[in-house]
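Throughout, read-outs are computed from the coordinates displayed, never taken from laboratory work. If you're wondering where the values come from, they're calculated on a predicted model, not measured in any experiment. Cβ sites come from the backbone with ideal geometry, for glycine too, and all protein chains shown count toward neighbours.
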């Protein structure tokens, strides 16, 4: 039995389907990410878990009981909002104590739990401060303290770091992960930042256009994207349109690229993924596109010309043209590579991924 | 977030709201319309045929409209450039004027009119001063008719344009003007093609407010309109003559013109909404006027307007200390005394007047405050129950009905309430208000409750909706969310709105003069009767006390609004 489970949840606003038929399971103690471009429905999904929105159809279960229609105040989930939503008329202590007062805790217990929550987020002694005296990062910590003070059964994060500047964001990110692990909490974390999701989450669901595209561990998603939308959203990717050749065997597929008409070989696990005579997409990461000025007879070596070299500091991106097939390659050094120079592009079979549809 | 409450709470809210709106807004207005089509118990157009065949009525319609349009034009000419000057530039004296600019808005119309007479009337300080200086036989001018009305209206209503244009200018992202300059536009082109189009909503709102206020204007036409006939005056006159059918029919005409203006303006406004750019903009800075001559000119303009603004009030203060009979042909009163004030506070009659106005305004304002929370709560949570009874358009209908008394001139509100509650009718469940103390509190409530509702709605809109969501996720029930999060954030705004309603009711004259009875004689009626008896000092003293009370209340209201 999953700790938290969404079953075929849908939600429309007017004529737009914000969330379409989303099902997912979160295990206890897991740090679970919902990742996707803005407007993909990830926040709406989180708000439905929190009880702030009601699904049009489908159900949400928590520890085996149906909570679809339970109002937010009876779910006991802590939530950290994107804009923090700190109560401006209350000071730091009162903000953190808000949920405890709603639970009618004694004064002593309130005092103790607020103090320890503020210590956990490294803001001891800030209780008397007004919230608008605090910096963005401190306000963020108060929001987290307020959410964990109620000892939530589940912690929900709605892009909590997006209002912080880059260096503070990275620092807070690792503290946040450490805190959640130490308290043994389960968390659902919404973000559009792929790097943030990879760094924080045990598992991630990628959402695009209201649909859940793929769920998996960060490395899985990055290396074996199942869909074009996932492949193109998670980092840069070369998408190659190709057709499977009839001569290919079941274990090793032979594909002809539509641009450049090169023949590419790669292992094929599922026969049904590559029907004959239907264009499919192959994906390869720029860092796996190898460039070489000499020919060593490797599989999938294509002759090409260098069109452009963009310098990024530690790395450079090289744009090459293999007889009409445009590819991007990420290289550490550009030693010897020059624009308009001929070279060989090697797309090694183990890094080529066959995408669905 | 959906706020889930008990169904019976929503039903109770709905019941209260429906009853108040039915009895306070729908029934009185309907009964005026119905009566205007009736004569001798039968349905007829005779009333309309009669009034439209009278030259004076046609004349009054035309002059009311003409005065309103003229007022809008003049107020725009004065208010908009001033807003540009004070919002976009900085120079010595700017702050001083900016603090005074809205002064005419808080003057009760009757008190303003009285002050104006003392200052600019033919026996006022200015006229006497010039007469004495140049040794003229007669006063150099008479404060009568069109020029007097236009001058007074411009003085009292230009702040609509000044305040709204200023607010509009502050909202416009400074980087838009900078972008236009970088694209090669001259500063004149920037004003014409970038700023003015974006100000259209503000200008339209100001024009609407000015138009409606001018249509409803009563005190000035009454006291120095001369031969100019206005609809409000005609209605008052007809009622005084006992010609109720005519008064009612003219009331319908006045109401139709006001509502038509509201609809026309709102329709046009709807087509000119600008989506606020959500990007971070550059902060606006006021330009320092660099050139010496322009700086001196701007300062002179500011000082001149400051003096113009303060003079009527200063005159009122001066006259309030004038000894009875000490101000005949002299420029200024020659003898000063505290007698006027002593009379105000010593005389049982005068203190009764204050007591009446205070009680009635307090009742109206307190009721409006409670009512505003009912309306706002219903708009937010009564969704399902209300939809079941009134369909999906109920929110618009509700907002419209709440707004109607605001759009109607005070004359119309008073006449319609008097018409509806002149006799009791078991069938309609109506009761007698005319001739009782309660008619004025009811009229005040109806006239000024839209103000309080708007104030509360504005405060509610400023509350970030995620705050209530956060409270919900922390375990607070609907009631706790309201009491512990929303209420602490919105009550200052609502109370400030209630205070504003209170002070406006305190100086109310237009509606009071139509329906007051000896038992509830308000301050404004006392001022008018002192003026009629040529007790100028006493009239001025009443006005000064009102101004002091209003200033204190407005200061408190301003504090409240900034409180968060």
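Summary table below
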{"read-out": "Linear extension gain, residue B:339 paired with residue B:98, 0.36 nm per residue minus alpha-carbon span", "value": "83.2 nm"}
{"read-out": "Descending semi-axes in whole angstrom, ellipsoid equivalent of the range B:413-555, from the Cα gyration tensor", "value": "39, 24, 9"}
{"read-out": "FRET efficiency, residue A:341 to residue A:314 (Cβ-Cβ, R0 22 Å, nearest 0.05)", "value": "0.50"}
{"read-out": "Angle in degrees between helix A:136-149 and the longest Cα principal axis of chain A, rounded to the nearest 10", "value": "70"}
{"read-out": "Calculated FRET efficiency for the pair residue B:191/residue A:101, C-beta based, R₀ 45 Å, to 0.05", "value": "0.25"}
{"read-out": "Among B:70-82, B:9-21, the order from most to least packed when residues are scored by Cβ within 10 Å on average", "value": "B:70-82, B:9-21"}
{"read-out": "The range B:340-564, relative contact order [Cα under 8 Å, separation at least 6], %", "value": "30"}
{"read-out": "Distance between modelled label sites at residue A:202 and residue A:323, nm, 7 Å Cα→Cβ extension", "value": "5.0"}
{"read-out": "Angle between chain A longest axis and helix A:92-102 axis [Cα atoms, degrees, rounded to 10]", "value": "80"}
{"read-out": "R0 of 35 Å, Cβ-Cβ distance residue A:130-residue B:16: FRET efficiency to nearest 0.05", "value": "0.40"}
{"read-out": "Degrees between helix A:107-120 axis and first principal axis of chain A (Cα, 0 to 90, nearest 10)", "value": "30"}
{"read-out": "Per-residue [θ]222 nm for chain B (sum of -39500 (n - 2.57) over DSSP H runs n ≥ 4, rounded to 500)", "value": "-23500 deg cm²/dmol"}
{"read-out": "Protection proxy ranking, peptides A:137-149, A:65-77, A:218-230, average beta carbon neighbours within 10 Å, highest first", "value": "A:137-149, A:218-230, A:65-77"}
{"read-out": "Test item: A:92-102 mean partner chain Cβ contacts at 10 Å", "value": "3"}
{"read-out": "Other protein chain Cβ atoms within 10 Å, averaged over every residue that makes up A:76-89", "value": "5"}
{"read-out": "Label point 7 Å beyond Cα of residue B:370 along Cβ direction - residues of the range B:20-62 with amide nitrogen under 18 Å", "value": "B:20-25"}
{"read-out": "Inter-chain Cβ neighbour average for residues A:40-51, partner chain, 10 Å", "value": "1"}
{"read-out": "Label-to-label distance, nm, for residues given as residue B:241 and residue A:294 (7 Å Cα→Cβ offset)", "value": "11.6"}
{"read-out": "Normalised contact order of chain B, rounded percent, pairs of Cα under 8 Å and 6 or more residues apart", "value": "21"}
